[in-house]
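None of the figures in this text is laboratory data; all of them are computed from the coordinates on show. Since this is a predicted model, take the numbers as computed values, not measurements. Virtual Cβ from ideal backbone geometry, glycine too; neighbours counted across all protein chains shown.
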Amino acid sequence: MPPRRVPLVRPARFSGGGGATGAFDTGSGAPAVPVPTSARARMLMLQYADDERGRFTERIFEFPQFADLTTGGFSTPSANDTQQIEVTGNRTSFLRLVALRAVLQNSNQTPLSGLETAQLLLRLQVNGEEDFTTGGNVSAPSSFAMLFSDVAAPWFWFACPPRLRVGDTVQATVTSIAAGGEGAPILTPEVAVRLVDDEWWQVLYGGRNFDGIDDSEV
């Protein structure tokens, strides 16, 4: 019999950590019903409680609305804006940032030339310390055109999704480096990320079953 491995992250209903508590814990928000005795009844009640509490395995987190960006680049305050989100738990204490998406709107209704996405730069950080975009040693923002130019698949999907902890802060900074002048567009960016429970990601892509056994060892 192959050795059994302990899952990287125990289900939140067992560990009660990472911003998630057991479905029957006091004050968890679960329905006030008797604790079921059979395994099947308990499983169904756990699922019911999860649904009642609005908990999901995958969520789309939208950054707060960015300010209207004028032209000018890094040295112009009105051409830069930073927004952030705090990672909250779905069902486990760790999550995977599997994809991100950004679009732009033209706030002053000036017709867009199609080149604006190349002039809008995105910098993504975790806890203000680790950069997703880099030149190797320091932060090096990437353009919207570089990251999101594929019309058929507009989301940028990470080949190796970074692992985030509940409570981490993801910070997005957008900069407009477009040249100024009369009639220059005022752009309003929108950014969103997709977060999946690490436990589910391990099952789907990491070769790990729900019982914690590595498929490669079976």
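How big is the range 58-202 on each of its three principal axes, counting only the C-alpha atoms and giving the largest first in Å?
That gives 52, 31, 27 Å along the principal axes, largest extent first.
I'd like the Karplus ³J(HN,Hα) series for the range 190-201: coefficients 6.51, -1.76, 1.60, θ = phi - 60°, whole numbers in Hz, and an x wherever there's a Gly or Pro.
Going residue by residue, I get 10, 10, 9, 10, 10, 10, 10, 3, 4, 4, 5, 4 Hz, with x marking Gly and Pro.
How do TRP201, TRP157 line up, fewest other C-beta atoms within 10 Å first? Mind dumping the intermediate values first?
Values: TRP201 22, TRP157 11.
Ranked by crowding around the Cβ, least crowded first: TRP157, TRP201.
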